[in-house]
1. Sort PHE151, PHE130 so that the residue with the fewest other Cβ atoms within 10 Å of its own Cβ comes first and the one with the most comes last.
2. Gap in Å between the Cα centre of region 27-51 and the Cα centre of region 191-208?
3. Is region 19-250 rounded, prolate or oblate when judged by the Cα gyration tensor, a ≥ b ≥ c being the square roots of its eigenvalues, rounded requiring a/c under 1.5 and prolate requiring a/b larger than b/c?
4. Full-extension gain between LEU22 and VAL125, please, as 0.36 nm times their residue separation minus the C-alpha to C-alpha distance.
5. If I stretch the segment between ALA184 and LEU95 completely, what's the gain in nm (0.36 nm per residue apart, minus their alpha carbon distance), one decimal?
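Every number in this text was worked out from the coordinates using simple rules, so none of it is lab data. Owing to the predicted nature of the structure, the values given are computational and were not obtained by experimental measurement. Glycine also receives a Cβ, built like all others from the backbone with ideal geometry; neighbour counts cover every protein chain displayed.
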Amino acid sequence: MDDLPEIIVSEARPVDDKTQGLQVLVVIPAYNEQGKVGTVVKKVLAQGMKSVLVVNDCSNDQTAVEARTAGALVISHEQNLGVGAAIRTGIDYALAHGFAVVAILSGDDQHDPTELPGLLQPILVADYDFVQGSRRFHGLHAPNIGWFRRFFTWVYAATFRLLTGFPCSDATNGGRAFRTSIFADGRINLWQPWLNSYELEPYLLYKVVREGYRVTEAPMKVIYHTSGTTKMKPVRDWWRIFRPMVYLALGLKN
């Protein structure tokens, strides 16, 4: 894998979500994000994006109402399935409605939508297939990050580099963008039950790298709010992030 190229956004301007005829869908998985998801949707729309889909994973608050009021299309799960299943629902919608590119942002206002232009530029301009957001692309951009998360994300990225040869600086950042055409490849199968939770995103990154797609990184700041930043459970959910890389490297899953 070649070294990552320098991706430069020449000026901070809204994205034309039909650049080169490629329609872009921003997918926001959300579970109990009332008070945050509406802000995220408004920030995304302010970047010039016209198609925003919030996948409400059976929230028991007003997440769906808030997202719809802010201007997003909303699909709601009848039962809580997990963030991976929510992202998969967004991808299914994109495939069914002819979107060529999907960008993923979190519903808890953790990712900075003003970095969408940089995230999408390598696909829309430089013909990449997949762009992984990185909070470490030009130094650590992660306000209020705790020591354990700082350490774990560094260890994960180092392990990912060792196993794949891809020189990533941040493999666990949830901000990313990709072409939907990659799902025509039968070697990439998101529609497996074991990928319903946090496993889906690391699985997808590992597969696109190992199957030879054009992958790069772009800056994506991660903001750790003083409360409500994550719903992850220590140990259990960190293992869910780590195990796709382990299973795929050992040939236990495909």
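1. Working: PHE151 11, PHE130 21.
Ordered from fewest to most neighbouring Cβ atoms within 10 Å, PHE151, PHE130 come out as PHE151, PHE130.
2. If we compute the Cα centre of each part, the gap is 23 Å.
3. Working: a/c = 1.30, a/b = 1.14, b/c = 1.14.
Judged from the Cα gyration tensor, region 19-250 comes out rounded (a/c under 1.5).
4. Numbers: separation 103, 0.36 × 103 = 37.08 nm, distance 1.06 nm.
Stretched fully, the LEU22-VAL125 segment lengthens by 36.0 nm.
5. Details: separation 89, 0.36 × 89 = 32.04 nm, distance 1.00 nm.
That works out to 31.0 nm of additional length.
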